[in-house]
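Here is the structure we will look at.
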Amino acid sequence: MFKKYTKIILVFMLVMGIGSMRVAADEQTDGSTDATFKISGAGKLPSGPVDPDHPNEWKNPEKGNSFALMNVPSTIDFGIGKIVAGTQKLTSTTINGNGSSAAGSAIQVGDLRADNPGWSLGAKLNSEDVNNIIITLKNTDVKNSFGNKVTLGENPITTNSDVNILSAAKNSGLGITTVKLTNNNFSLTLPAGQSKPTEKGQITIKWTLSANPNPSVTNMESVN
Amino acid sequence: MKIINTWPLKITALLFLLVLSNMAPVKADQQAPMGDFSVKAVPAEKQIDKNTYYFNLNVSKPLEQTLKVVITNNSNHKIKIQQNLYNATTGDSGNVVYGENKNVKHNDPTLRFPLKTIVSLTTPKVIEVAAHSSATATAKMQAKLPADFAGMILGGWEFVNITAPSDTSASKQSGVSVASQYAYNIAIAMVKDRYVTPTMQLGTIKPGAHNYKRALLVNLQNTSANLIGGLAVNATVTHQGSSKAILTQNDKGFSLAPNSNFNYGLMYAGKDLVPGKYHLRLHAQSGQFKWDFDRDFTITASDVRQANKAALYDAKPGLAWWIIVLISSLVIVILALIILIIVILRKKKPVDESSKSVE
């Protein structure tokens with residue numbers, strides 16, 4: 001009898017010990033995004049960005065139906081334009097993220113949908129005062145935690161309509177897809193005569209994650 | 001004995017579950033970026049494939065139903081989500097656009113049943129979602145399509161987080177700064193009877209600007225009620241009666257929305273845009289479907305002027321070689337003349353001076 005109770009008590013103590021240690025670990029990292037790359041539940045994505053240098057954590061995620069635009073830069077600064085006669089091209093000087101970690105300034109899409117239907121991430125500029133601006137993303141590459149091939153688009157972002165920045169065909173979108181950014185990855189082209197077109201917030205990039213037919217072929221089936 | 005052996009296991013499992021369920025909320029309270037919301041389509045009745053995550057409806061028979069999208073806010077503050085419905089169009093980079101497209105001023109003339117005439121929002125355009133909760137956006141669809149129509153009707157249901165950023169105090173710096181907005185778009189596709197055979201037409205060919213750079217704009221039109229996917233386009237421009245290519249361009253992975261058109265941009269990429277008579281040969285292919293277009297066209301001097309004006313971000317057109325030759329030969333001739341004059345004057349001067357000294 002004595003042996004039986006000791007066993008139970010020992011197991012109880014052990015479990016509580018591990019449990020409280022983990023909770024403590026999570027509290028310590030409060031405010032940074034590092035704590036978020038642990039899987040919190042079946043098929044659920046973490047809230048906020050995942051450290052792009054630790055994609056291994058997501059090599060074998062549990063599938064469910066989570067699908068989210070996890071992160072984009074909060075603001076991109078281009079410095080101060082000069083008054084020049086012609087057009088000018090500015091290179092980004094700072095990419096500001098969400099939170100303090102490097103993950104906060106990455107472009108990140110999470111997809112744990114069991115059927116792996118593919119997706120696309122579009123971008124469009126919204127600007128009320130300044131027309132004819134373009135923003136280009138350059139010198140980056142895309143990584144998928146699952147080793148899937150996600151395509152990075154190179155079309156300039158304009159005020160006209162969405163262009164595809166990332167697109168994953170059917171069966172190739174699963175996992176966490178990250179475009180890691182460094183400060184000079186964006187360029188902005190301004191038309192002649194517009195040197196200082198914005199105050200903060202006047203130009204925005206709208207990043208749209210789409211669930212859509214995402215076609216690589218033309219469908220010809222009957223539906224009846 | 002058996003009971004004694006399994007007890008610890010059971011208790012361990014129970015305790016583990018308890019500990020795990022207690023841990024989850026700790027994580028959720030961490031600071032959340034603006035993107036901490038997601039949307040999910042509730043599979044509708046008459047869904048062709050329940051697992052597409054967008055609305056994919058069979059409208060072979062008249063169909064009236066409510067479409068639902070659940071908006072989940074995982075953050076610790078209230079968010080404002082703005083909804084919009086759009087007809088699917090094609091963007092100038094050869095992609096289906098499910099949101100706003102400023103290049104499309106009118107629906108394509110072949111579009112008989114725009115999605116926006118079939119589906120309408122039934123919840124307010126702006127929905128507020130409290131912290132750590134969800135809300136449901138609904139739309140009503142009424143599809144009653146005539147017997148002579150078959151094919152696909154396509155559009156998008158957009159959800160944009162328009163919540164003002166909480167850190168408005170953050171450095172209002174004097175330079176150029178670009179902010180981000182998070183949005184989702186869930187496609188609404190309806191198919192009556194079948195996916196029809198795709199058809200394509202070549203529209204106008206005119207020089208202009210693509211992404212503010214000089215290009216030959218070739219209008220391609222999907223005249224069928226089907227989405228053309230995986231489209232490859234190979235285009236060549238020659239002078240009429242010549243086989244020497246002036247422009248060639250190969251693209252792949254295009255997709256065209258049902259009953260839409262877009263201006264395919266053949267880039268001049270530093271080459272000059274010269275008035276004249278030209279010929280376009282364009283081959284387009286999506287799987288087993290192929291289209292070949294051959295057409296003569298003319299570029300006028302006024303076309304060139306307008307295109308150069310629209311090409312805001314192109315270097316100004318270079319000078320033609322014969323102008324350069326002409327200008328340089330003129331400069332040489334003028335220089336030669338100047339030297340000649342100087343030489344003549346020099347020769348004359350000593351004579352003048354000597355005559356002076358004599359006096």
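The values are calculated or read from the model by the stated rules, or taken from the named source; none is laboratory data. Just so we're clear, the structure is a prediction, and the values are computed from it rather than from any experiment. Cβ: placed from backbone, ideal geometry, glycine included. Neighbour counts: every protein chain shown.
Conditions (1) at pLDDT 95 or above; (2) surrounded by fewer than 16 Cβ atoms within 10 Å (Cβ to Cβ); (3) closer than 20 Å to B:Ala189 by Cα, marked per residue:
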position	(1), (2), (3)
B:Thr52	no, no, yes
B:Thr90	yes, no, yes
B:Glu100	yes, no, yes
B:Ile118	yes, no, yes
B:Lys125	yes, yes, no
Lone qualifier among B:Val191, B:Val176 - being free of Cβ contacts under 8 Å to residues at least 12 places away in the same chain and facing chain A (nearest Cβ under 7 Å): B:Val176
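Among B:Lys61, B:Lys80, B:Lys50, which is the only one that is part of a strand (DSSP E or B) and in the same structural domain as B:Val160 (by TED's automatic domain parsing)? First the steps, then the outcome.
On the way: B:Lys61 fails: part of a strand (DSSP E or B); B:Lys50 fails: part of a strand (DSSP E or B).
None of the others qualify; the one that does is B:Lys80.
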Here the residues within segment B:72-85 that are surrounded by fewer than 21 Cβ atoms within 10 Å (Cβ to Cβ) and in contact (Cβ under 8 Å) with a residue 60 or more places away in the chain are B:Thr72, B:His77, B:Lys78, B:Lys80, B:Gln82, B:Gln83, B:Asn84, B:Leu85
Can you find a residue that is touching a Gly at 6+ places or on another chain (Cβ under 8 Å), assigned to a strand (DSSP E or B), more than 10 Å from chain A (Cβ to nearest Cβ) and of a type in the set (S, T, N, Q) anywhere in segment B:221-229? yes
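Inspect all residues belonging to segment A:143-151 and state whether any of them is touching a Gly at 6+ places or on another chain (Cβ under 9 Å) and at the interface with another protein chain (Cβ under 8 Å from one of its Cβ atoms).
yes
I need a count of the residues in segment B:235-266 that are surrounded by 15 or more Cβ atoms within 10 Å (Cβ to Cβ) and either without any contact (Cβ under 8 Å) to a residue 60 or more places away in the chain or part of a strand (DSSP E or B) (or both).
Step one: filter segment B:235-266 for residues surrounded by 15 or more Cβ atoms within 10 Å (Cβ to Cβ), giving B:235-238, B:246-247, B:249, B:251, B:253-266.
Now restrict to residues that are either without any contact (Cβ under 8 Å) to a residue 60 or more places away in the chain or part of a strand (DSSP E or B) (or both): B:235-238, B:246-247, B:249, B:251, B:253-256, B:260-266.
Summing the residues that are surrounded by 15 or more Cβ atoms within 10 Å (Cβ to Cβ) and either without any contact (Cβ under 8 Å) to a residue 60 or more places away in the chain or part of a strand (DSSP E or B) (or both) in segment B:235-266 gives 19.
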